Amino acid sequence: MRLSILLRQDVLLHPAALAAAALLAVPLAARAQLDLPGVKGDSNRPACKLLSAAEIQKLTGDAGYKENPFGDDVGEGAGGGSSCNYGGSTMLAQGPPMLSVVLVPPGKNGRYFDIRRRGKMLPGCKQEPVSGVGKDAYFEICPKQSELPLFVKGPGTDDLIVALKLDAKDADVSSLKKTLVTVASAAAAKLK
């Protein structure tokens, strides 16, 4: 049904027709914006340009990571960065653990990595240094954490956070750490 049919004068006066037109207008407008030629979903997500889903699949050895990553636009991710999320389970399908890559530009108070490293940690948490990734890197390890983040000071001015969502069964995170280091190294190599 076309929206213009609902906007005829004789139909528009009826309250039910007004409600139907309003309910149809929102999804139609959203669809129209999504279908604009030349508009890509990751245009404001520089983190999604660092690694493709195919690269994530190769780096992790898991072909279950989605081809269409989703995430946060610039300013909406951790530290004011943009994020790109791969994988994760949905209500309809079981998938690999969600892997997030966050690209954080420097803010008015300096680099996110430095601010985070100097900041007060939650009780029981610790920073575990990692060598060979960017200028500097560390895991943040906390009791009963729901994700395992690796914070990376990039070679240029931007910083990275690469994190894996944890399940209750992930008691031994040593293999997950190796995966995060591999992904973070590949992403950091693409930073200037």
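The values are calculated or read from the model by the stated rules, or taken from the named source; none is laboratory data. This structure is a prediction, so every number in the text was calculated from the model and none was measured. Cβ coordinates were reconstructed from backbone atoms using ideal geometry, including for glycine residues, and neighbour counts include every protein chain displayed.
If you take the residues of the stretch 123-136 that are outside any strand (DSSP E or B) and at pLDDT 90 or above, which of them is nearest to D159 (Cα to Cα)? Outline the logic, then answer.
Taking the stretch 123-136 as the starting set, the residues that turn out to be outside any strand (DSSP E or B) are 123-125, 131-135.
Cutting the leftovers down to at pLDDT 90 or above gives us 123-125, 131, 133, 135.
Details: P123: 25, G124: 25, C125: 21, S131: 15, V133: 11, K135: 10 Å.
Residue satisfying both the conditions and the ranking: K135.
Quick check on the stretch 78-98: of everything there that is more than 15 Å from V152 (Cα to Cα) and touching a residue at least 60 places away in the same chain (Cβ under 8 Å), which residue is surrounded by the fewest Cβ atoms within 10 Å (Cβ to Cβ)?
M98
Just need a number here: residues in the stretch 93-109 that are within 23 Å of A54 (Cα to Cα) and at pLDDT 90 or above.
6
With surrounded by fewer than 20 Cβ atoms within 10 Å (Cβ to Cβ), closer than 19 Å to P96 by Cα, at pLDDT below 90 and charged (D, E, K, R) as the only criterion, which of K169, K178, K192 stands out?
K169
Can you spot a residue in the stretch 103-118 that is touching a residue at least 12 places away in the same chain (Cβ under 8 Å), surrounded by fewer than 17 Cβ atoms within 10 Å (Cβ to Cβ), over 23 Å from F70 (Cα atoms) and touching a helix residue (DSSP H, G or I) at 6+ places or on another chain (Cβ under 6 Å)?
Yes, some residue in the stretch 103-118 is touching a residue at least 12 places away in the same chain (Cβ under 8 Å), surrounded by fewer than 17 Cβ atoms within 10 Å (Cβ to Cβ), over 23 Å from F70 (Cα atoms) and touching a helix residue (DSSP H, G or I) at 6+ places or on another chain (Cβ under 6 Å).
State yes or no: is D136 surrounded by 15 or more Cβ atoms within 10 Å (Cβ to Cβ) and over 23 Å from E55 (Cβ atoms)?
In short, yes.
Which one of these is surrounded by 12 or more Cβ atoms within 10 Å (Cβ to Cβ) and closer than 25 Å to S175 by Cβ: P149, P129?
So the residue among P149, P129 that is surrounded by 12 or more Cβ atoms within 10 Å (Cβ to Cβ) and closer than 25 Å to S175 by Cβ is P149.
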